[in-house]
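Engineer: Got a structure here, written out as structure tokens. Questions coming.
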Amino acid sequence: MTGEGLPFSPQISAYKALEGRHTVHITDRWAQNRTSNLQTAFFNGVGYLAWESVWCNYNQITERSGEELRRIRTIYRNLGPNLLNNYASWNPHVPVSTVPGIFASEFTSTTNAWTLWTAVNRAGMDIGGGEQVALELPCSDASRFFDIWAGVEISVQCVDGAAALPSVLLETAGYGCVLRSDDGSAPASDFLAEMAGLAASPLSSFDSTWRFLRQNPMVPSLHLGR
């Protein structure tokens, strides 16, 4: 999948849709701002080729993009095997928000009663965090919800089979990840703690400026033997 010229609404990976075991990676070797590519990868639950030295041509990964990669990688390593890759079902572009610019995919597990939503914010502003409901998800009375991106369990009320999640914050050009457990189980505590530690610093606090690699010419010295 190429990341060049990605549209506002995230594209669906045709290869993954046809065969869930197909390994897909987004590649955009010359991109200076990688957020759109990373959002599309996260939305689809696919990989991203973090290419910084392109055949010896340096294309810096910015501090912010590097932090986005770190958090997505952490989620993939902990939840990917039974949810994002070997899933029971995958439903992209599920309606989870009334806010234009919030897009999400739904993954159901093959091994337990878990459902995962990966969401991206392209609305141009922060959504959620108590002021505006970013996500509304289906639920049952037995459901437990976890804000995976923030690394915390969240308390919700299930009303008529739906739960509003006002505490979930999707930063501007950011991400959201929510897990619903219907069997009482929970993600590993060390994984949640790691995500909570990462989420303590918002993505907006990281420098998104792309910089070229400064070269320092060196004049070779010539030593002639006698």
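Engineer: Just add up the charged neighbours of Asn91: K/R +1, D/E -1, any other residue whose Cβ is under 15 Å from the Cβ of Asn91.
Structural biologist: On the way: positive: Lys16, Arg180; negative: Glu106.
After counting each charged neighbour, the total is +1.
Engineer: A follow-up question, please. Sort out the exposed loop chymotrypsin sites (Phe, Trp or Tyr not before Pro) in the chain (DSSP loop, at most 13 other Cβ within 10 Å) and tell me the longest stretch that has none.
Structural biologist: 56-211
Engineer: What is the P(r) of the chain, as percent of Cα-Cα pairs per 10 Å bin from 0?
Structural biologist: 8, 32, 34, 15, 5, 3, 2, 1, 0, 0
Engineer: Quick one: Leu198, Leu116, Leu49, fewest Cβ neighbours within 10 Å first, how do they rank?
Structural biologist: Leu49, Leu198, Leu116
Engineer: Considering every Cα-Cα pair within region 63-175, what fraction, in whole percent, is farther apart than 24 Å?
Structural biologist: 23
Engineer: No partner Cβ under 4.7 angstrom, meaning no disulfide-compatible partner by this rule: which Cys of the chain qualify?
Structural biologist: If one checks each Cβ against the other cysteines of the chain, Cys56, Cys177 turn up with nothing under 4.7 Å.
Engineer: Run the helix sum for the chain: -39,500 (n - 2.57) per DSSP H stretch of 4+ residues, divided by residue count, reported at 222 nm to the nearest 500 deg cm²/dmol.
Structural biologist: Computed ellipticity for the chain at 222 nm equals -5500 deg cm²/dmol.
Engineer: Moving on. Treat the count of other C-beta atoms within 10 Å as a stand-in for reagent exposure and order Val152, Val96 from fewest to most.
Structural biologist: Going from sparsest to densest Cβ surroundings: Val152, Val96.
Engineer: Just the number, please: Stokes-Einstein D of region 140-200 in µm²/s, Kirkwood Rh from C-alpha pairs, 25 °C, 0.890 mPa s.
Structural biologist: Calculated translational D: 201 µm²/s.
Engineer: I would also like to ask the following. Per q in 0.29 Å⁻¹, report the Debye log10 I(q)/I(0) for region 9-52, using one uniform scatterer on each alpha carbon and no solvent.
Structural biologist: -1.07
Engineer: Would you mind giving the three semi-axes, in whole Å and largest first, of the ellipsoid equivalent to region 1-135 according to its Cα gyration tensor?
Structural biologist: Semi-axes, largest first: 24, 20, 14 Å.
Engineer: Sticking with this one: If you take the Cα Rg of region 111-150 and divide it by 2.2 N^0.38 Å, with N the number of residues, what do you get? Numbers along the way, then the final one.
Structural biologist: Numbers: Rg = 12.4 Å, N = 40, 2.2 N^0.38 = 8.9 Å.
Computed over Cα atoms of region 111-150, the ratio equals 1.38.
Engineer: Continuing with this model, one more query. When the expected Rg is taken as 2.2 N^0.38 Å, what fraction or multiple of it is the alpha-carbon Rg of region 177-226?
Structural biologist: On the way: Rg = 25.8 Å, N = 50, 2.2 N^0.38 = 9.7 Å.
Output field value: 2.65.
Here, each number is a calculation from the coordinates, and none is a lab measurement. Quick caveat, the model's predicted, so the values are computed rather than measured. Neighbour counts are summed over all protein chains in view; Cβ atoms, including those assigned to glycine, are modelled from backbone coordinates with ideal geometry.
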